[in-house]
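Novice: Submitted below is the structure of interest, expressed as structure tokens.
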Amino acid sequence: MSGKTLYDKLWDSHLVKQRDDGTALIYIDRQLIHEVTSPQAFEGLRLAGRRPWRAESNFATPDHNIPTTKEERRQGLEGIRDPISRIQVTTLDDNCREFGIFELDMNDERQGIVHVVGPEQGATLPGMTIVCGDSHTSTHGALGALAHGIGTSEVEHVMATQCLLQTKMKNMLVRVDGRLNPGVTAKDIVLAIIGEIGTAGGTGYTIEFGGEAIRSLSMEGRMTVCNMAIEAGARAGLIAVDQTTLDYIKGRPFAPKGEMWERAAAAWKGLVSDADAHFDRVVVIDAAEIIPQVTWGTSPEMVAPITGEVPDPDKETDPSRRENMKQALKYMGLTPGTKMTDIKLDCVFIGSCTNSRIEDLRAAAAVVKGRKVAANVEMALVVPGSGLVKKQAEAEGLDKIFIDAGLEWREPGCSMCLAMNADQLGAGKHCASTSNRNFEGRQGFGGRTHLVSPAMAAAAAVHGHFVDVRDILLTLDI
Amino acid sequence: MQSGLVMPLDRANVDTDFIIPKQFLKSIKRSGFGVNLFDEHRYLDKGEPGRDNSGRPLNPDFVMNKARYKGASVLLARENFGCGSSREHAPWALDDYGFRIIIAPSYADIFFNNCFKNGILPIVVDRKIVDELFVEVEAQEGYSLTVDLENQVIIRPSGATIPFNVDSFRKYCLLNGLDDIGITLQDAGEIKTFEKGWRETSPWYFG
């Protein structure tokens with residue numbers, strides 16, 4: 001009998017009941033909650049007269065609708081100009097109070113994007129099962145937790161029963177061998193993976209990311225990779241626990257302390273796939289071959305290396321894909337054969353649950369330091385992922401570097417990743433964005449998104465078009 | 001057994017932003033999303049929550065605005081339908097508009113799951129057959145399909161059948177209109193037993 005994958009171990013340790021029909025009840029250790037996908041779940045509980053099974057396992061913070069300018073934030077809830085957005089945020093506050101759920105509200109210094117705040121607070125721990133009504137919950141798999149994005153009915157189900165009804169996924173291993181070249185980041189790894197396997201490549205699987213290049217990443221980088229597992233179709237991404245994981249978690253507010261820490265850490269060291277574990281699919285990528293990536297279309301799989309060009313749909317043999325490419329190019333206003341470095345930009349967005357952590361901001365700041373945003377870039381936003389990331393960045397003087405270069409230094413939230421607040425990309429405008437989705441209208445009605453790493457976004461801000469950040473780094477002393 | 005007019009949506013990777021754009025997610029209700037289903041493609045201007053949609057300019061090229069597809073309850077779609085976010089507002093919008101059945105070669109996992117929670121049946125059919133259905137729908141105005149969930153077949157106008165698979169638990173819930181939470185709570189004893197053991201072996205999750 002072969003050994004177990006990390007996913008198998010996490011599944012087995014949380015299996016409450018296996019039903020004959022293949023579905024199973026999985027025990028959930030942590031539910032993260034934000035204001036957009038929870039109101040109908042709380043309403044459901046209320047209507048049925050139910051209470052949360054274990055209220056203290058839930059952890060809430062508002063992020064999607066939160067304004068990001070200093071002036072708006074100074075005014076607290078009144079600063080949310082859109083009354084419908086404000087109701088959603090106050091509804092979360094009210095629901096958390098009513099149901100006894102811990103919340104970092106909008107005015108709390110620790111508030112931020114739920115997928116940044118969870119790990120930062122130690123609310124995300126290795127070996128946990130975690131859910132959130134948000135597809136980017138896959139982020140938390142970077143800490144060796146089984147983390148699923150779920151719908152609102154399931155949010156209610158987990159609140160009421162502490163369990164999720166699930167069918168076991170298949171196991172996929174994406175192994176990134178060797179070392180990354182300078183200027184190539186976690187974001188480029190995951191975009192290259194999605195380019196390789198496609199946005200449906202991971203459907204039905206839990207993807208474990210492994211290999212030397214993954215092991216060498218910081219926790220921030222690992223979170224970037226797992227964050228976008230869902231863009232490859234996988235509800236959950238995973239990375240095995242190692243010393244990097246333990247060092248990151250130790251001392252965080254919700255993490256175990258003292259003797260309990262020792263016991264937990266010892267148990268967590270076993271959260272790796274066995275050497276003889278069986279994976280249903282294995283994809284191997286050579287890190288040394290990854291070049292900084294830029295998306296040209298309206299799906300994250302429509303991606304090319306910065307040294308490449310916009311592809312020609314007429315050369316695509318599959319008719320469905322060809323049609324998709326044509327629709328994408330029409331929407332993006334791009335012609336086949338255009339060099340990626342010739343794509344001009346109107347906007348730059350550095351932020352989102354993919355790339356708004358301290359390391360991301362450091363990488364972007366290193367590129368813009370002493371430079372100025374190009375004249376054709378109308379808007380360049382830097383939105384830290386949490387109040388604590390913001391505080392840390394300010395302590396390091398990163399805010400000053402961004403402001404001196406002509407970028408706007410904002411308050412934490414989801415911001416222009418999905419533009420539910422006032423931060424929106426204009427119609428027809430091209431944006432270099434460190435977020436996760438380049439879907440039509442995602443960053444604003446008619447907006448044109450190009451997904452890139454923080455360093456690539458920063459370089460694009462300075463030049464007004466995409467450039468190979470590796471060329472710039474040669475001139476930097478970092 | 002359900003019969004319904006079929007509307008084809010000939011586009012792969014239809015994402016949840018396509019199904020219901022984010023500005024409509026600000027609602028704290030479950031209903032009323034149907035008028036904004038496929039909003040960015042159905043209308044020529046930008047939609048806003050709470051706005052009266054009756055006077056908005058329609059996109060005449062979008063399939064939903066063609067008179068022959070008015071009242072459709074079966075949506076014929078392409079690969080990876082419903083990819084992207086976990087927003088249950090997507091099935092809420094489809095349901096509110098009147099779609100009860102979706103037929104596609106593949107779906108994104110979270111969306112697929114969310115459909116069942118809302119009484120929508122997403123059916124997986126071989127791409128080759130989906131291609132045929134697209135041709136048939138185009139060719140014949142008023143093209144309808146009948147879905148027999150009990151026997152797990154789609155019945156074409158010719159009487160020919162297309163068998164499909166559906167998870168038996170989900171089928172049972174759909175046929176009986178059952179509430180998932182109520183069913184799970186029947187196992188409350190087992191959940192408590194599990195929780196007690198888990199608390200003993202992994203107390204650090206209960207701090």
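The values are calculated or read from the model by the stated rules, or taken from the named source; none is laboratory data. Since the structure is predicted, the reported quantities are computational estimates derived from the model, not experimental observations. Glycine gets a Cβ as well: all are built from the backbone with ideal geometry, and neighbour counts include every protein chain shown. Just the protein is used for accessible areas: all its heavy atoms, side chains included, with ligands, DNA and RNA removed. Shrake-Rupley method; radii C 1.70, N 1.55, O 1.52, S 1.80 Å.
Novice: Just one of the numbered conditions (1) farther than 15 Å from B:Pro8 by Cα; (2) surrounded by fewer than 17 Cβ atoms within 10 Å (Cβ to Cβ); (3) touching a Gly at 6+ places or on another chain (Cβ under 8 Å) is not true of B:Asp126; which one?
Specialist: Evaluating B:Asp126 over (1) farther than 15 Å from B:Pro8 by Cα; (2) surrounded by fewer than 17 Cβ atoms within 10 Å (Cβ to Cβ); (3) touching a Gly at 6+ places or on another chain (Cβ under 8 Å) leaves (3) as the failure.
Novice: Kindly indicate the residue of the stretch B:7-26 that is within 7 Å of chain A (Cβ to nearest Cβ) and in contact with a strand residue (DSSP E or B) (Cβ under 7 Å, 6 or more places away or on another chain) and also surrounded by the fewest Cβ atoms within 10 Å (Cβ to Cβ) among those meeting that condition.
Specialist: Per the criteria, the residue is B:Asp15.
Novice: Okay, next question. Within the stretch B:166-173, is there a residue that is of a type in the set (D, E, K, R), buried (at least 17 other Cβ atoms within 10 Å of the Cβ) and not assigned by TED's automatic domain parsing to the domain that holds B:Val125?
Specialist: The answer is no, given that none of the residues of the stretch B:166-173 is of a type in the set (D, E, K, R), buried (at least 17 other Cβ atoms within 10 Å of the Cβ) and not assigned by TED's automatic domain parsing to the domain that holds B:Val125.
Novice: Which pairs turn up if I take residues in the stretch A:154-168 that are over 17 Å from B:Ile191 (Cα atoms) and look for partners that are modelled with pLDDT under 95 and not small (Gly, Ala, Ser) with beta carbon separation below 6 Å, at least 6 apart in sequence or on another chain?
Specialist: Qualifying pairs under 6 Å: A:Thr167/A:Thr23.
Novice: Does A:Arg50 count as without any contact (Cβ under 8 Å) to a residue 12 or more places away in the chain, farther than 30 Å from B:Asn165 by Cα and open to solvent by 20 Å² or more (accessible area, probe 1.4 Å)?
Specialist: Here the answer is no, as A:Arg50 does not meet what is asked.
Novice: With respect to the numbered conditions (1) at the interface with chain A (Cβ under 8 Å from one of its Cβ atoms); (2) surrounded by fewer than 17 Cβ atoms within 10 Å (Cβ to Cβ); (3) at positive phi, which one is the sole condition not fulfilled by B:Gly119?
Specialist: With respect to (1) at the interface with chain A (Cβ under 8 Å from one of its Cβ atoms); (2) surrounded by fewer than 17 Cβ atoms within 10 Å (Cβ to Cβ); (3) at positive phi, B:Gly119 is out only on (1).
Novice: Does the stretch A:30-51 hold any residues that are of a type in the set (D, E, K, R) and farther than 21 Å from B:Leu185 by Cβ, and which are they?
Specialist: A:Glu35
Novice: Checking B:Ala108 against (1) of a type in the set (A, V, I, L, M); (2) surrounded by fewer than 16 Cβ atoms within 10 Å (Cβ to Cβ); (3) in contact (Cβ under 8 Å) with a residue 12 or more places away in the chain, only one condition comes out false. Which one?
Specialist: That leaves (2) as the condition not met.
Novice: Those residues that are closer than 25 Å to A:Ala200 by Cβ and either within 14 Å of another protein chain (Cβ to nearest Cβ) or modelled with pLDDT under 95 (or both), I need them from the stretch A:210-265; list them, please.
Specialist: Hits for the stretch A:210-265 are A:Asn227, A:Met228, A:Ala229, A:Ile230, A:Glu231, A:Ala232, A:Gly233, A:Ala234, A:Arg235, A:Ala236, A:Gly237.
Novice: Could you check, for the stretch B:27-50, whether at least one of its residues is under 30 Å from B:Thr161 (Cα atoms), more than 7 Å from chain A (Cβ to nearest Cβ), at pLDDT 95 or above and in a helix (DSSP H, G or I)?
Specialist: no
Novice: Report, by residue number, each residue of the stretch A:40-81 that is among the β-branched types (Val, Ile, Thr) and in contact with a Pro (Cβ under 8 Å, 6 or more places away or on another chain).
Specialist: A:Ile66, A:Thr68, A:Ile80
Novice: Would you please name the residue that is farthest from the other protein chains (Cβ to nearest Cβ), looking only at residues in the stretch A:310-337 that are open to solvent by 30 Å² or more (accessible area, probe 1.4 Å) and within 14 Å of A:Arg448 (Cβ to Cβ)?
Specialist: So, considering only residues that are open to solvent by 30 Å² or more (accessible area, probe 1.4 Å) and within 14 Å of A:Arg448 (Cβ to Cβ), the one farthest from the other protein chains (Cβ to nearest Cβ) is A:Thr335.
Novice: Being of a type outside the set (A, V, I, L, M), crowded, with 22+ Cβ neighbours inside 10 Å and not in a loop (DSSP other than H, G, I, E, B) is the filter; apply it to the stretch A:5-26 and report the residue that is farthest from the other protein chains (Cβ to nearest Cβ). Write out each step before concluding.
Specialist: First, the residues of the stretch A:5-26 that are of a type outside the set (A, V, I, L, M): A:5, A:7-9, A:11-14, A:17-23.
Remaining after also requiring crowded, with 22+ Cβ neighbours inside 10 Å: A:5, A:7, A:14.
Then drop every residue that is not not in a loop (DSSP other than H, G, I, E, B), which leaves A:7, A:14.
Details: A:Tyr7: 14, A:His14: 8 Å.
It comes out as A:Tyr7.
Novice: Right, next: What number goes with the only condition from (1) part of a loop (DSSP other than H, G, I, E, B); (2) more than 30 Å from A:Asp318 (Cβ to Cβ); (3) open to solvent by 20 Å² or more (accessible area, probe 1.4 Å); (4) out of contact with any Pro (no Cβ under 8 Å at 6 or more places or on another chain) that B:Asp95 does not pass?
Specialist: So B:Asp95 meets the others, but not (1).
Novice: Scanning the stretch B:133-147 for residues that are touching a residue at least 60 places away in the same chain (Cβ under 8 Å) and surrounded by fewer than 15 Cβ atoms within 10 Å (Cβ to Cβ), which turns out nearest to B:Leu175 (Cα to Cα)? Show your work before the answer.
Specialist: Going through the stretch B:133-147, the residues touching a residue at least 60 places away in the same chain (Cβ under 8 Å) turn out to be B:133-134, B:137-138, B:141-147.
The next check asks that each one be surrounded by fewer than 15 Cβ atoms within 10 Å (Cβ to Cβ); those that pass are B:138, B:141-142.
Values: B:Glu138: 31, B:Glu141: 30, B:Gly142: 27 Å.
Once the filter is applied, the top-ranked residue is B:Gly142.
Novice: Give me the residue from the stretch A:128-162 that is open to solvent by less than 10 Å² (accessible area, probe 1.4 Å) and assigned to a loop (DSSP other than H, G, I, E, B) and, out of that set, nearest to A:Thr203 (Cα to Cα).
Specialist: Only one residue tops the list, namely A:Ile150.
Novice: Continuing with the same structure: When you go through A:Ile84, A:Ile113, A:Ile150 one by one, which is the residue that is in contact with a Pro (Cβ under 9 Å, 6 or more places away or on another chain) and either touching a residue at least 12 places away in the same chain (Cβ under 8 Å) or hydroxyl-bearing (Ser, Thr, Tyr) (or both)?
Specialist: Details: A:Ile84 fails: either touching a residue at least 12 places away in the same chain (Cβ under 8 Å) or hydroxyl-bearing (Ser, Thr, Tyr) (or both); A:Ile150 fails: in contact with a Pro (Cβ under 9 Å, 6 or more places away or on another chain).
Just one listed residue meets the conditions, A:Ile113.
Novice: Select, from B:Gly197, B:Gly189, B:Gly207, the only residue that is at pLDDT below 95 and within 13 Å of chain A (Cβ to nearest Cβ).
Specialist: After applying the criteria, what remains is B:Gly207.
Novice: Taking the stretch A:79-91 as the search range and keeping residues that are more than 7 Å from chain B (Cβ to nearest Cβ) and within 20 Å of B:Gly50 (Cα to Cα), which one is surrounded by the fewest Cβ atoms within 10 Å (Cβ to Cβ)?
Specialist: Filtering first and then ranking leaves A:Pro83.
Novice: Quick one: would you say B:Gly119 is closer than 22 Å to B:Met64 by Cα, assigned by TED's automatic domain parsing to the domain that holds B:His89 and part of a loop (DSSP other than H, G, I, E, B)?
Specialist: yes
Novice: Which members of the stretch A:383-419 meet the condition of being among the aromatic types (Phe, Trp, Tyr) and surrounded by fewer than 23 Cβ atoms within 10 Å (Cβ to Cβ)?
Specialist: A:Trp409, the sole residue that qualifies.
Novice: Within 10 Å of chain B (Cβ to nearest Cβ), touching a residue at least 12 places away in the same chain (Cβ under 8 Å) and touching a Leu at 6+ places or on another chain (Cβ under 9 Å): does that describe A:Leu125?
Specialist: Answer is yes for this residue.
Novice: Can you pull out the residues in the stretch B:51-69 that are not charged (D, E, K, R) and not in a loop (DSSP other than H, G, I, E, B)?
Specialist: B:Leu58, B:Val63, B:Met64, B:Asn65, B:Ala67, B:Tyr69
Novice: Would you call A:Thr307 among the β-branched types (Val, Ile, Thr), open to solvent by 20 Å² or more (accessible area, probe 1.4 Å) and at negative phi?
Specialist: Working: among the β-branched types (Val, Ile, Thr): yes; open to solvent by 20 Å² or more (accessible area, probe 1.4 Å): yes; at negative phi: yes.
The answer is yes for A:Thr307.
Novice: Quick one: is A:Thr61 under 29 Å from A:Cys163 (Cβ atoms), of a type in the set (Ser, Thr, Tyr) and in contact with an Asp or Glu (Cβ under 8 Å, 6 or more places away or on another chain)?
Specialist: yes
Novice: Condition test on A:Asn355, is it in a loop (DSSP other than H, G, I, E, B) and in contact with a strand residue (DSSP E or B) (Cβ under 7 Å, 6 or more places away or on another chain)?
Specialist: Considered against the rule, which asks whether it is in a loop (DSSP other than H, G, I, E, B) and in contact with a strand residue (DSSP E or B) (Cβ under 7 Å, 6 or more places away or on another chain), A:Asn355 comes out as no.
Novice: Would you kindly identify the strands (runs of 3 or more DSSP E) lying entirely within the stretch A:213-303 that contain at least 2 residues that are closer than 19 Å to A:Cys353 by Cβ?
Specialist: Working: elements: A:236-238, A:281-286, A:293-295.
Result: A:236-238, A:293-295.
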